[in-house]
Amino acid sequence: MAPALDQALRIGPYTYRIRSELPELAAPVASLYGTFPKADSGSYIDFDVSLSPVRRRPGGPARAIFRFDHRDHFAPVERRHAFATLEWGMNWCVSVHCNEYLKLHAGVVATETGAIVLPGVPGAGKSTLCALLGLNGWRVLSDEHALVTPGTKEVTPIYRPISLKNESITLIETLHGDAIFGPPIVDTHKGTVSHLKADQHPDTFDPAPVTVRAIVFPQYRADGEQQLARRSKTSSFLTAAYHAFNYSLLGTAGFEAMRTLIDGTPCYDLQYRDPAWALRAFDYLARGDADA
C-alpha cells in the first residue's frame, strides 16, 4: 500500500523528504506546505523523515514514532500529537546537523532593508512576533533558526510554519481571522500548539542570504513597561552565544562568527505587551531610525 504522504520539499537550503502512513497528516501538510517548492526527481535528500504507527499498548492510546533516515531517535508519542512531532523533528534535524552555519535559536524577519534576528528562550514571544510581522507585510525567514554564514552578517532563509502556543494562538486568531492554521494539538508538553502559515510575502521562498540589520532580544510581559533600548555588545555576544545551538561545537570558528555578527550589528532589548506597539517598534528599526 502506498503511504498516505510522500513528498520532497525544498525548505531553505535543504531538501526534506516527508513520508507517513498516517492519513491524518496529509491535510495539515497540504495546507501548510502546499505552496512550498517541490524537489526535482533525483534530488539529493538532506533529511529523510517519517511518522509511522507503532503497536498500541493494551488499553493505551494509538501511538506513532518519528524516524530520521529510517532510524528511531525519540520515544513514540500519542498519535494525536503526530503533526507537532513532525514539526519538532524537522527542527531537530537542523539543530543537530548543518554545522556549516552558526545556528542561533532565534526568529528571523526581514524587509527590503535587511533582516532582524530575534534570539530568545521559549516564552520570550519571538514566535508571536514572527507571526504578527509576517501577517503585516514582513517576510519571515524562520521562527526557530538563524543560520549565519561564518565571517559574514548574512542569514540564510529556512522558512517553515510558525509554531504558536496557548494564548498566542488566540491572539493571532483574534487579530487575523483569515490566518491559515494547522490543527490545534492539545495536551503536549508545551500545552496547546498550532502551526501558522503566516508569511504570504512574494519572496517567501527566495533562498538568497539576507544581511542582518539588527539583533533584538524580545521579552513579552503582560504587565511590564514597553521599551526598545540599546544593548551593549558584550552582553549581546554572551546572550546570543547562549542561544546558539553549535557555538561551542564550532570552537574558534564559532567565536569569530559571533564576533563578526555582533560587532557590526546594533543590538536591542525589546520589552512589550501590546502587539500594535511592537509592530511600530519594528517599523522604526526597519526604517533605520535606530541605526548605530
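The values are calculated or read from the model by the stated rules, or taken from the named source; none is laboratory data. Nothing here was measured: the structure is a model prediction, and the numbers come from that model. Using ideal geometry, Cβ is built from the backbone for each residue, glycine included, and neighbour counts are taken over all protein chains shown. When the accessible area is computed, the model is the full protein with side chains, heavy atoms only, and any ligands, DNA or RNA have been set aside. Shrake-Rupley method; radii C 1.70, N 1.55, O 1.52, S 1.80 Å.
Numbers below:
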{"item": "Residue identified as under 27 Å from residue 262 (Cβ atoms) and surrounded by fewer than 22 Cβ atoms within 10 Å (Cβ to Cβ) among 199, 143, 178, 206", "result": "206"}
{"item": "Enumeration of residues in the range 64-84 that are open to solvent by 60 Å² or more (accessible area, probe 1.4 Å), part of a loop (DSSP other than H, G, I, E, B) and touching a strand residue (DSSP E or B) at 6+ places or on another chain (Cβ under 6 Å)", "result": "69, 74"}
{"item": "Residues of the range 253-283 satisfying the condition of being surrounded by fewer than 15 Cβ atoms within 10 Å (Cβ to Cβ) and free of Cβ contacts under 8 Å to residues at least 12 places away in the same chain", "result": "276, 280"}
{"item": "Criterion: on the phi > 0 side of the Ramachandran plot and within 20 Å of the chain's Cα centre (by Cα) - qualifying residue of 251, 288, 191", "result": "191"}
{"item": "Meets criteria (in contact with a helix residue (DSSP H, G or I) (Cβ under 8 Å, 6 or more places away or on another chain), surrounded by 17 or more Cβ atoms within 10 Å (Cβ to Cβ) and not in a strand (DSSP E or B)) for residue 194", "result": "no"}
{"item": "Residue within the range 9-16 that is without any contact (Cβ under 8 Å) to a residue 60 or more places away in the chain and exposed (fewer than 15 other Cβ atoms within 10 Å of the Cβ) present", "result": "no"}
{"item": "Residue identified as in contact with a helix residue (DSSP H, G or I) (Cβ under 8 Å, 6 or more places away or on another chain) and either part of a loop (DSSP other than H, G, I, E, B) or touching a residue at least 40 places away in the same chain (Cβ under 8 Å) (or both) among 164, 118", "result": "118"}
